[in-house]
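The numbers here are math on the coordinates, done by the rules we state, and not lab data. Values in this document were obtained by computation on a predicted structure and should not be read as measured data.
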Amino acid sequence: MSDPAGESDAAARARRGRNIAIALGLVAFVILIFIVTIVRLGGHVVERPF
Amino acid sequence: MAMSPAVTSAAPARWQDFVLLLKPRVMSLVVFTALTGLVCAGQPVDPVLGAVAVLCIAVGAGASGALNMWYDADIDAKMRRTRGRPVPAGRVQGADALALGVVLSLFSVMLMGMALNWLAAGLLAFTILFYAVVYTMWLKRSTAQNIVIGGLAGALPPVIGWAAAAGATPLNAWLLCAIIFMWTPPHFWALSLYTSDDYAKAGVPMMPLVAGAKSTRRQILVYSLLLAPVCIAPAFTGLGGVAYLTVSALGAAVFLLLAWRVFRSRAGDAPGDRGDGLYDVKVAAAAARNLFAFSILYLTLLFATLLVEHLAGWPALSLLG
């Protein structure tokens, strides 16, 4: 089925695939930053200056 | 500046097209050499941070590939080997390739700096800029020495890996760089001897087109003679062991033999030496094809041997004391 903007089914499927790939990439990046933070700071991650 | 051809979007861009922009095959070689540098540094690195370093180098290399495909879309469209790439084929807009390259460059360099160290991040940024700006935008279209100087970008990943692990780049790290740097000209010129018609169509001044096939064959032999001692050198500097000395010396002998055969051959004299596949050539160019194929195997064996020796803890030779 085509949408009102005239996008074909193939284009809609491709766009959906790209959006999912970007979402997965962003989630993976966030997880990566979290893990790197834990590894770099180790036990100090829970220390607070206050 | 090169402009991307008008995109008619015969097929919508799939996410796989954006993966292709990162040149996955080049990335795999970069990962391998960077990992070797990281392991050879001999410094204890947290496995997670080591993996992050290799990931950053791989993504940085992919970003360079995307920037290269954005800028070179016009000449890629003219060459048989590259005209199916996402941008010249019209599946991805040039601006999207540029955006992907810039974003991944920034992310990979920043993450390397924050997770490992800023020496490695600086080297990674330099490598990306060198490949995208110095090689792609300048050297590739202007001089037959394009792949000689531009080869530095491909040679730096082991140095980046070493810097990521050790926070320094000693002589042995640069020796790994020198191996790839000296290996690049005979490797690419062997290929260009039987693909020069493709480069001629695109107007890329590869050595066979500028200096002729005979001069290129001679230069391949000269560079191969220079490459051999550089490849064996790690056995004398405390980097490689007995296995490395054996592999590098025997491989150098085969490399020189194949380079000699190219020198004596007529490879590149007649246009259209190439068949449909990358390794499918006519008899005259078989010597060049053989050297091209062996050069890949030789580089792989050199780095694999170093990697195994260091992972297994085999003792390194230090023949110079």
**Prompt:** At what distance in angstrom do the alpha carbon centres of region B:21-48 and region B:134-200 lie from each other?
**Reply:** 16 Å
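With helices defined as uninterrupted DSSP H runs, which ones in chain B have an alpha carbon span along their own long axis of at least 27 Å and mean Kyte-Doolittle hydropathy of at least 0.0? Mind dumping the intermediate values first?
Details: long enough: B:47-71 (36 Å, 1.53); B:94-115 (31 Å, 1.86); B:171-193 (34 Å, 1.27); B:213-232 (29 Å, 0.86); B:242-264 (33 Å, 1.62); B:286-312 (38 Å, 1.49).
Span-like helices here: B:47-71, B:94-115, B:171-193, B:213-232, B:242-264, B:286-312.
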